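Asks: Please see the structure below; I have some questions.
Read the figures in this text as sums done on the coordinates, not as results from a lab. Quantities reported herein were computed from a predicted structural model and do not represent experimental measurements. Cβ placement follows ideal geometry from the backbone for every residue including glycine, while neighbour counts extend to all protein chains displayed.
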Amino acid sequence: MAESRRGRQRPSTAADARTGQQEARPELARLFDETVRLYLQLKAQATAIYRRGDVSGPRRTILMTIARSGPRTVAQVARDRSEARQRVQPLVNALIAEGLLASTVNPAHKRAPLVSLTVRGEAFVRAIIQHESRLRARLKLNVPKADLVRAADTLQAVREVLETAESPELPDNSR
């Protein structure tokens, strides 16, 4: 057992706590476990923040992806989110209907239009960024900047490996 920054006891990995078995790369398992827990906490916070507003977590992610990457096809946005295009398309359609996104002809592919921010969409993204910046400024997080940069770099490296790795098959437990 190790102690967290908040003084709570935590197992070296979640799998060890559940199964009692030694697992390969326990530090990586812990990173995955903590990343999932952080994601769930961020998702809950985003739901609370945007509950009364015009944007949900998934819609925010689409807008921010296009703001960061420029015009994209819906398939490209879906790939960036590791989701099926069919799940992203209705969200993009709604953002187009609201005037936050525009669909334009894609010279590289006639059947896959490009989606980009409208002037209204750009203003909306700026408002989101300002709002979230104020929230981060109020966050009482006593972690040195260098540690945050290293954590972000580590998560990026793991994500990039996972994006290029083949999906492993889970063992068949049906026998």
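Asks: Sorted by average packing, counted as other Cβ atoms within 10 angstrom per residue and highest first, what order do 119-126, 57-64 take?
Replies: 57-64, 119-126
Asks: Would you work out if region 89-175 is rounded, prolate or oblate? Take a ≥ b ≥ c from the square roots of the eigenvalues of the alpha-carbon gyration tensor; rounded if a/c is under 1.5, else prolate when a/b is larger than b/c, oblate otherwise.
Replies: Verdict is oblate for region 89-175.
Asks: Now a separate question. Starting from the Cα gyration tensor of region 83-123, take the square roots of the eigenvalues, sort them a ≥ b ≥ c, and report rounded, prolate or oblate (rounded when a/c is under 1.5, otherwise prolate if a/b is larger than b/c, else oblate).
Replies: Taking the square roots of the gyration eigenvalues as a ≥ b ≥ c, region 83-123 is oblate.
Asks: Okay, next question. Points 7 angstrom from Cα along the Cβ direction at Leu40 and Leu28: gap in nanometres?
Replies: 2.3
Asks: Can you tell me the dipole magnitude for region 55-161 around its Cα centre, using point charges on the Cβ only (Lys, Arg +1; Asp, Glu -1), in Debye to the nearest 20?
Replies: Roughly 120 debye, rounded to the nearest 20.
Asks: Between region 67-96 and region 138-152, how many Å separate their Cα centres?
Replies: Region 67-96 and region 138-152 have Cα centres separated by 30 Å.
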